[in-house]
């Protein structure tokens with residue numbers, strides 16, 4: 001026994017001589033005790049010569065080998081925080097300095113300028129520090145997002161659309177869940193950093209979102225603010241308005257946000273060719289569209305109250321009121337080969353909605369790196385859908401009317417617990433949604449459908465770091481049930497995520513992200529109500545639908561050096577039991593359109609995204625090139641699609657002026673039997689910034705003959721078709737915008753709100 005102890009002691013001495021000593025610890029925020037990833041760790045000797053450097057992991061931990069040193073100076077720093085200095089004497093063995101708390105430095109936040117190497121990649125997010133150049137050429141928070149050129153991120157400034165891998169993101173400001181309108185109201189100068197997640201964590205994967213965009217502001221103590229933006233076209237029915245006002249008093253903050261979006265187009269038309277095939281006969285039908293009115297007016301007013309009791313306790317209440325009106329007309333001439341006739345079709349629909357919601361949120365931070373969040377959202381929906389279709393034949397007319405009245409009540413609840421240990425972070429949560437909806441379908445006779453659902457989701461995740469290797473593992477169980485007046489369906493499904501990242505050096509890292517998730521049918525897809533679309537087609541749901549199963553993997557390789565940043569992405573996704581729309585002959589008169597389950601789909605993707613800032617001190621360049629390969633299989637079909645896509649954009653800036661231009665080649669996709677040819681996008685803009693006022697002018701779709709275009713093709717053997725939609729109103733559409741912002745007072749310093757819950761509609765519409 002003594003000999004063993006002696007050998008162990010000699011081995012430890014030899015190990016210390018060979019590998020040296022290591023120093024480790026964990027970096028936390030003094031404000032909320034949350035980990036600080038990406039903090040800079042520097043180790044110097046007594047002569048201030050740097051021995052070693054590194055960054056903290058996603059959980060705030062660090063460990064550095066410092067060689068054989070007797071005394072060192074440890075420096076820990078992060079943008080927006082006061083640098084912490086620790087002196088270690090008598091350094092003869094491995095030392096853990098424990099938890100190091102950094103205090104916020106508001107003055108430094110105001111003064112910091114990032115010029116290069118501005119992205120820190122962690123296991124679960126990218127921490128982006130906007131460079132001085134990016135801030136200079138960005139007129140809004142949306143344009144700043146666009147200029148960051150992040151993987152998977154797509155931004156349309158004028159249309160105010162943001163997508164991550166084709167899905168909507170979750171917006172956060174200082175960790176508090178907000179709407180896109182709150183996000184739009186941020187002055188780019190006030191942004192210290194952006195935390196970007198381009199894949200769903202185990203917590204958010206059940207919400208069908210593409211990722212998370214969290215903006216951390218510089219001015220946490222600089223008061224309330226007013227922000228107003230108007231963007232519109234003097235020659236076209238196009239208008240976006242956002243007004244935001246916030247004021248704090250003592251421990252309370254009050255805010256109000258009003259917004260509206262107006263579209264009123266007259267030169268919108270649809271072209272469609274289709275074929276109907278049965279064993280007995282087949283015929284062609286062609287729809288030649290004419291200019292048809294289309295538009296909508298959406299507006300909302302949000303009221304928020306936040307109470308910060310102390311540095312560890314926060315409560316907020318938000319009342320949302322959303323109102324929307326949309327009208328769609330699809331008019332044109334129809335020719336049918338089997339009847340050798342032609343007629344004129346008028347199709348008009350209107351959709352009205354009123355959706356109020358109350359969002360209550362509570363957060364408490366406890367000792368020993370623990371936190372608890374509770375969120376409850378109650379929503380009432382009242383929606384009305386009306387559609388009239390009139391076919392004008394030579395000697396008579398045929399009319400079909402679809403009316404749907406929907407009311408829905410829902411309550412969403414979530415509780416989340418976090419605990420951070422020395423090297424592991426634990427995340428536990430439970431989500432529940434109960435909803436009841438009533439749909440009244442009025443066609444030839446009144447038909448009522450009552451639907452109810454109960455959605456339970458229990459999840460857990462752990463994350464950690466070992467030297468240059470980081471990991472994040474999560475799994476969850478979803479228990480979902482839905483029932484109508486005659487039937488009930490239940491699902492028990494698993495969600496799982498796995499991420500691993502290896503930092504090769506300061507400029508290059510590799511990240512692998514995988515997930516498994518079910519795609520459950522919607523309430524409308526499970527409906528057994530049958531509706532008439534026209535004299536040929538009926539549509540219905542399918543109560544026997546199975547959930548689709550999706551498994552995906554992405555490999556990210558990021559390299560940044562100086563003003564150059566690039567990401568190479570390799571991705572693969574398999575979808576089993578794909579839900580798609582199938583068309584079959586119903587009888588001698590009608591065909592039936594109904595959702596069904598396919599065998600599955602495969603999707604392979606390779607994409608290279610790069611940017612270079614400050615070329616000749618006046619030019620920014622951005623570009624993406626990618627390749628998609630799709631394969632889909634069903635019981636009676638197999639399809640293949642390959643597509644090369646790309647985009648390019650450039651900015652030239654001089655003093656207070658910025659000239660920008662971009663072009664996006666539409667990206668094709670294949671799912672089951674549907675080919676989506678994507679949307680075109682191009683723009684030329686000129687911006688001018690002076691103090692609190694920003695002026696903006698742009699031309700949308702300057703090169704496209706038909707303005708906005710979108711096409712979709714169905715490869716069905718029974719009902720093959722191709723549909724194209726054009727909006728000529730916005731061809732070379734001239735847009736003017738003005739933004740005014742003002743900061744004042746003393747802003748309340750809030751805790752991070754990370755829960756995000758909302759509800760959606762449940763009606764089965766006859767889609768146009």
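When DSSP beta bridges are restricted to pairs lying wholly in segment 113-217, around 75% turn out antiparallel. Panel order for 574, 204, by other beta carbons found within 10 Å of each beta carbon, from fewest to most: 574, 204. For segment 113-217, the relative contact order is 28 percent, taking Cα pairs closer than 8 Å that sit 6 or more residues apart in sequence and dividing their mean separation by the residue count. Expressed as a whole percent, the proportion of Cα-Cα pairs in segment 377-449 lying more than 14 Å apart is 74%.
Counting every other Cβ atom within 10 Å of each residue's Cβ, 679, 414 order from fewest to most as 679, 414.
Here segment 113-217 is treated as an ellipsoid with the same Cα gyration tensor; its semi-axes, largest first and in whole Å, are 20, 16, 12. Ordered by the count of other Cβ atoms within 10 Å of each Cβ, fewest first, 644, 102 give 644, 102. Taking the inverse of the mean reciprocal distance over all distinct Cα pairs, the Kirkwood hydrodynamic radius of segment 234-359 comes to 19.0 Å. At the listed q of 0.05, 0.06 Å⁻¹, the Debye profile of the chain, built from one uniform point per Cα, gives log10 I(q)/I(0) equal to -0.29, -0.42. Kirkwood radius and radius of gyration were both taken over the C-alpha atoms of segment 446-507, and their ratio Rg/Rh is 1.35. Relative to the longest principal axis of the Cα atoms of the chain, helix 2-19 runs at roughly 70 degrees. The helix-based estimate of mean residue ellipticity at 222 nm for the chain, built from -39,500 (n - 2.57) per DSSP H run of four or more residues and divided by its residue count, is -1500 deg cm²/dmol to the nearest 500.
Rounded to the nearest 5, the antiparallel percentage of DSSP beta bridges internal to the chain is 95%. Length, then width, then depth: along the principal axes, the Cα atoms of segment 576-669 run 70, 28, 16 Å.
Here, each number is a calculation from the coordinates, and none is a lab measurement. Please read these numbers as outputs of a predicted model, since none were measured by experiment. As a convention, Cβ positions derive from the backbone with ideal geometry for all residues, glycine included, and neighbour counts pool all protein chains shown.
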